[in-house]
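**Student:** To start, I am sharing the structure in question, which I have written as structure tokens.
Laboratory data are not the source of any read-out in this text; all were calculated from the coordinates shown. Predicted, not measured: the structure shown is a model, and the values here were computed from it. When we count neighbours, we look across all protein chains shown, and the Cβ atoms used for this are built from the backbone with ideal geometry, even at glycine.
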Amino acid sequence: MSGVWVFRNGVVRLVENPTSGAAAAAAGKRKALLHMPSGEVVTSYASLERKLAALGWERYYGGGDVGMLQYHKRSSVDLISLPKDFAHFGSVHMYDIVVKNRDAFRVIDA
């Protein structure tokens, strides 16, 4: 038995044979990061960096991984790590941003 546990409307259920990420992308079920105060969908790291900077996030250059962009906030121990290539920016990275900035971002279906 394989599948994914889905929690929706207070009920947990097992969805067998969930759609794979590649199939979901082909079916148009891609995710997008929405900046709620402006209503804009983030389409580049330049726009994301401006929005994060407005929330107090700064680029962190102390990491050893050159394939990642990292941001930190002086007022917390949180670190946001993103792939350097925006084409590899996926829903896991989007949810990481949402969890650390609950009132400013949301993940939506694109």
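**Student:** Which cross-chain or sequence-distant (5 or more) residues have an amide H under 5 Å from the amide H of residue 30, H modelled 1.01 Å from N in plane?
**Tutor:** Distant-sequence amide H within range of residue 30: 110.
**Student:** Given R₀ = 35 Å, what would the calculated FRET efficiency be for residue 8 paired with residue 79, taking r from the Cβ atoms and rounding to 0.05?
**Tutor:** 0.70
**Student:** With a cut-off of at most 11 other beta carbons within 10 Å, and DSSP calling the residue loop, which trypsin sites (Lys or Arg not before Pro) in region 54-110 qualify? Please list them.
**Tutor:** In loop regions of region 54-110 (DSSP not H, G, I, E or B), the sparsely surrounded trypsin sites (Lys or Arg not before Pro) are 74, 102.
**Student:** Further question: Through the Karplus equation 6.51 cos²θ - 1.76 cosθ + 1.60, θ set to phi - 60°, convert the phi angles of region 45-60 into ³J(HN,Hα) values in whole Hz; use x for Gly and Pro.
**Tutor:** 5, 4, 5, 5, 5, 4, 5, 5, 4, 5, 9, x, 7, 10, 5, 10
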